[in-house]
Amino acid sequence: MLKKIKKLPYTDRLNYCVNKTAKRLCEIIASKQSNLCLSADITDSEKLLNLVDRVGSEICLLKTHIDILSDFDANFLIALKVLAQKHTFLIFEDRKFADIGHTVKQQYAGGLYKIVEWADISNAHTVPGPGIIQGLQEVGSFKQRGLLLLAEMSSVGSLARGSYTQASVKMAEDYTDFVMGFIAQRQLTQNPGLIHMTPGVQWHQVDDSLGQRYILPEQAILENGTDIIIVGRGIYQASDPLLEARRYREAAWEAYLSCC
Ligand code: S5P
């Protein structure tokens, strides 16, 4: 018998969110009835923009890996922002910062990508300790950005588990004005103001050849209690990405509603 985790509707959850981006995300989720994040791991900017325009109606959040684009230029970001407005979704740059505060601050604000200028959300490993949050916050809170902590990973043999995961939860709870939630495989805290996002979600495969492990959308939400599913290859490699995105959105939304 499946043990369901109880959830509040997103319209109520936003009242518990301290971080402004988390609140905004809850509003978008509720109005679009979508707790689906597309992981658009595409290396050609035109193909990426076409994909996002096609499936934008289905997603609350778009996750990018800006450094895999082979033809990056600033116009790409302008076009991406136009699509984010057109379809009403937020942008999450999956940068996975992992250095000391002083260094990540420069990586977040500067370099080629100037992530803080355009990404509503980014994420960080907790391995360096709370200094990484403090460094990113010095840049990000000024623009009311949100940070996700990688408390767990989807891949086989991940070291992010047990006391590491627990310490990451404590770190999030100490910085709720900037940290808006987690990348994790399951719900880690009862605090409804922190949002859990789960990658490694797919219907058609259980793994890939490089350690990725997949669970089903229903499993992620009903059994594991996550809030948002992150789907990449399951959508952009489908013969009809829009249809497939719609199926993931509907499944994830129904699953979430049944927990409320
Ligand atoms: O634990 C993790 C954390 C992340 S952010 N496992 C992951 O797979 N990811 C990211 O989610 C990964 O970098 C990739 O962009 C996406 C999963 O893509 P898919 O094609 O396997 O769905």
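The values are calculated or read from the model by the stated rules, or taken from the named source; none is laboratory data. On a predicted model such as this, the values are computed, not experimentally measured, just so you know. For neighbour counting, all protein chains shown are included, and Cβ atoms are generated from backbone atoms with ideal geometry for every residue, glycine included. For accessibility, only protein heavy atoms count, side chains too; no ligands or nucleic acids. Shrake-Rupley method; radii C 1.70, N 1.55, O 1.52, S 1.80 Å.
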### segment 114-202: C-alpha pair distances exceeding 18 Å, %
40
### Query
For the modelled label position 7 Å from the Cα of Val82 along Cα-to-Cβ, which residues of segment 109-138 have backbone nitrogen atoms closer than 19 Å?
118-119
### Message
Which of the three applies to segment 10-258, rounded, prolate or oblate, going by the alpha-carbon gyration tensor with a ≥ b ≥ c and a/c under 1.5 meaning rounded?
### Response
rounded
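Give me the 1.4 Å probe accessible area per residue for the chain, excluding ligands and nucleic acids, in Å². The partial results should precede the final answer.
On the way: 11550 Å² over 260 residues.
With all protein chains present, the chain gives 44 Å² per residue.
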### For segment 146-153, Karplus couplings with θ = phi - 60° (6.51, -1.76, 1.60), whole Hz, Gly/Pro x
x, 10, 10, 9, 7, 8, 8, 10
### Query
What percent do you get for the relative contact order of segment 10-258 when only Cα pairs under 8 Å and 6+ apart count?
20
#### Entry: Paramagnetic reach from Ala74 (point 7 Å along Cα→Cβ, amide N under 19 Å) across segment 51-67
66-67
### Query
Once the piece of chain linking His65 and Asp207 is laid out straight, how much longer is it, given 0.36 nm per residue of separation minus the C-alpha distance between them?
49.1 nm
### Query
With each label point set 7 Å from Cα along the Cα-Cβ vector, what nm distance links Ile100 and Leu216?
4.8
### Message
Can you work out the Karplus-derived ³J(HN,Hα) for every residue in segment 78-83? Use 6.51 cos²θ - 1.76 cosθ + 1.60 with θ = phi - 60°, whole Hz, and x for glycine or proline.
### Response
5, 5, 5, 5, 4, 5
### Query
Under a 5 Å amide H to amide H cut-off, with H placed in plane at 1.01 Å, what residues pair with Arg95 once short-range neighbours are removed?
Asn123
### Rounded to whole Hz, the Karplus (6.51, -1.76, 1.60) HN-Hα couplings of segment 117-127, x for glycine and proline
5, 10, 8, 5, 9, 9, 9, 8, 6, 9, 4
### Message
Set the bar at 32 Å for Cα to Cα. Now go through Lys47/Lys170; Lys47/Lys96; Lys6/Lys114; Lys6/Lys47; Lys86/Lys114; Lys23/Lys96 and name every pair that lies beyond it.
### Response
Lys47/Lys170; Lys6/Lys114; Lys6/Lys47
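Dipole magnitude of the chain about its Cα centre, charges +1 at Lys/Arg Cβ and -1 at Asp/Glu Cβ only, in debye to the nearest 20? All intermediate terms of the calculation are to be shown ahead of the outcome.
Values: 28 positive and 29 negative charges, 131 e Å.
Here the chain has a charge dipole of around 620 debye.
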### Query
At what distance in angstrom do the alpha carbon centres of segment 194-218 and segment 33-60 lie from each other?
17
### Query
Of the beta bridges DSSP finds with both residues in segment 10-258, what % are antiparallel, to the nearest 5?
5
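For Leu257 and Phe142, calculate 0.36 nm times their separation in residues minus their Cα-Cα distance, and state this gained length in nm to one decimal.
Numbers: separation 115, 0.36 × 115 = 41.40 nm, distance 3.41 nm.
Between Leu257 and Phe142, full extension yields an extra 38.0 nm.
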### Amide H contacts of Leu90 (H built 1.01 Å from N, under 5 Å, at least 5 apart or other chain)
Leu61, Leu62
### Task
State the answer as a single residue: which of Leu194, Gly111, Ile59 lies farthest towards the positive end of the charge dipole of the chain, with beta carbon charges of +1 for Lys and Arg and -1 for Asp and Glu, about the Cα centre.
Leu194
